[in-house]
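K.L.:
Okay, handing you the structure first.
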Amino acid sequence: MDKKIVCISVCLLMISCMGGNTGNNSNTDSTGSVSPELSEISSMQDMELTYPGSDISFQVKVTGDSLYIIPSGLTVVNDTLRHDITGYSFVNAEIGDLNIDSYPEIFVYLSSEGSGSYGKLIGYSTNNGKSVSQVYLPEISENEEINEGYMGHDEMAIVESTFCQRFPVYKEGDSNAQPTGGMRQIQYKLVDGEAGRMLAVDKVEEF
């Protein structure tokens with residue numbers, strides 16, 4: 001066989017093999033699909049939160065219908081956490097130590113699009129500085145003691161070592177824009193549940 005033909009054939013084979021190697025450097029989201037490199041994400045929101053006295057920090061990015069929470073400083077797992085937030089808008093993010101174990105929690109607050117503006121929490125708690133696990137907040141609608149007159153418009157915040165959620169109370173006949181029942185504030189504490197940490201109602205106030 002002509003040496004030129006052999007050389008060309010070998011080159012084409014090498015190029016073909018190189019093209020088939022896609023590598024393993026892409027980040028994956030919680031659903032297992034490939035996500036873009038974080039440095040390439042064009043964020044509408046980009047926050048860096050660090051708890052005083054801790055080496056652990058969280059970067060919060062929002063792009064399109066995706067929320068990314070990127071931990072740093074954990075000793076075992078620092079995987080990027082992705083959530084689909086279709087139908088919700090980013091409101092704020094806070095960091096605090098709600099169970100007073102010297103390791104921070106990260107809470108991201110969302111609001112549903114539309115007139116109801118129902119609040120949604122996406123939160124994570126640090127496990128002894130090694131990894132994080134998601135925090136569960138029960139829906140207001142699931143609690144008959146506090147859901148009377150609830151029609152959204154939530155406000156959420158970390159206050160010292162507690163999590164607070166408050167909303168206007170609607171009486172029968174009230175329009176969405178004019179609640180007349182005052183405000184109800186729910187104070188929660190972070191507790192260990194059977195399947196992980198959750199926010200449990202600690203105190204209810206109306207004013």
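K.L.:
Mind sorting Glu105, Glu113, Glu145 by how few other Cβ atoms lie within 10 Å of their own Cβ, fewest first? Please list the in-between numbers first.
P.N.:
Working: Glu105 25, Glu113 12, Glu145 8.
If I rank by nearby Cβ atoms, fewest first, I get Glu145, Glu113, Glu105.
K.L.:
Also: Please identify the trypsin sites (Lys or Arg not before Pro) of segment 158-207 that satisfy two criteria: DSSP loop assignment and at most 12 other Cβ atoms within 10 Å. Which are they?
P.N.:
On the way: sites: Arg166, Lys171, Arg184, Lys189, Arg197, Lys203; in loops: Lys171.
Answer by residue number: Lys171.
K.L.:
Continuing with the same structure: Run the paramagnetic zone check for Asn143: 7 angstrom along Cα to Cβ, then residues of segment 181-207 with backbone nitrogen under 17 Å.
P.N.:
Answer for segment 181-207: 183-194, 197-207.
K.L.:
Here is a follow-up. Multiply the residue separation of Ser54 and Glu205 by 0.36 nm, subtract the distance between their alpha-carbon atoms, and state the gained length in nm to one decimal. Each step should come with its number before you reach the end.
P.N.:
Numbers: separation 151, 0.36 × 151 = 54.36 nm, distance 3.28 nm.
Here the segment from Ser54 to Glu205 would lengthen by 51.1 nm.
K.L.:
Now for a separate question. For Val135, list long-range residues whose amide hydrogen, built 1.01 Å from N in the peptide plane, is under 5 Å from its own amide hydrogen.
P.N.:
Gly123, Tyr124, Ser125
K.L.:
When the Karplus curve 6.51 cos²θ - 1.76 cosθ + 1.60 is applied with θ = phi - 60°, which whole-Hz ³J(HN,Hα) does each residue of segment 94-103 get, with x for Gly and Pro?
P.N.:
Running phi through 6.51 cos²θ - 1.76 cosθ + 1.60 with θ = phi - 60° gives 9, 10, x, 10, 7, 9, 6, 10, 6, 10 Hz.
K.L.:
If you don't mind, there's one more thing I want to ask. Using the Cβ atoms and a cut-off under 11 Å, what net charge is assigned to the surroundings of Ile95, where Lys and Arg are +1 and Asp and Glu are -1?
P.N.:
Details: positive: none; negative: Glu48, Glu94, Asp97, Glu105.
In short, -4.
K.L.:
All other residues with a Cβ under 12 Å from the Cβ of Glu113 taken together, and with Lys, Arg as +1 and Asp, Glu as -1, what is their net charge?
P.N.:
Numbers: positive: Lys120; negative: Asp65.
Every neighbour counted, the sum reads 0.
K.L.:
Loop only per DSSP, at most 14 neighbouring Cβ atoms within 10 Å: give me the GluC sites (Glu not before Pro) in segment 177-207, ordered by residue number. Show your work: numbers first, answer last.
P.N.:
Values: sites: Glu194, Glu205, Glu206; in loops: Glu194.
Loop-located and lightly packed - Glu194.
K.L.:
If you don't mind, another one. Can you list the aspartates and glutamates whose alpha carbon is less than 18 Å from that of Lys61, not counting same-chain residues fewer than 8 positions off?
P.N.:
Asp29, Glu37, Glu40, Asp46, Glu48, Asp79, Asp84, Glu94, Glu105
K.L.:
Which residues' amide hydrogens lie under 5 Å from the amide hydrogen of Asp154, considering only partners 5 or more residues apart or on another chain, with H built in the peptide plane?
P.N.:
HN-HN under 5 Å from Asp154: Gly119.
K.L.:
Taking 7 Å along the Cα-to-C-beta vector as the label spot, tell me the Ser112-Gln187 distance in nanometres, rounded to one decimal.
P.N.:
Label-label distance for Ser112 and Gln187, simple model: 2.8 nm.
K.L.:
Moving to a separate point now. Between segment 162-190 and segment 51-122, what is the C-alpha centre distance in whole Å?
P.N.:
Cα centroid to Cα centroid, the span is 23 Å.
K.L.:
Now for a separate question. What does the charge count near Ala200 come to, summing +1 for each Lys or Arg and -1 for each Asp or Glu among other residues with Cβ under 12 Å from its Cβ?
P.N.:
Residues close to Ala200 contribute a combined charge of +1.
K.L.:
What shape does segment 38-206 have by the C-alpha gyration tensor, where a ≥ b ≥ c are the square roots of the eigenvalues, rounded means a/c under 1.5, and otherwise prolate means a/b greater than b/c and oblate the rest?
P.N.:
Numbers: a/c = 2.42, a/b = 1.47, b/c = 1.64.
Cα axes put segment 38-206 in the oblate bin.
Laboratory data are not the source of any read-out in this text; all were calculated from the coordinates shown. Small disclaimer: the values here were computed from a predicted structure and weren't measured. FYI the Cβ positions are ideal-geometry reconstructions off the backbone, even for glycines, and counts take in every protein chain you see.
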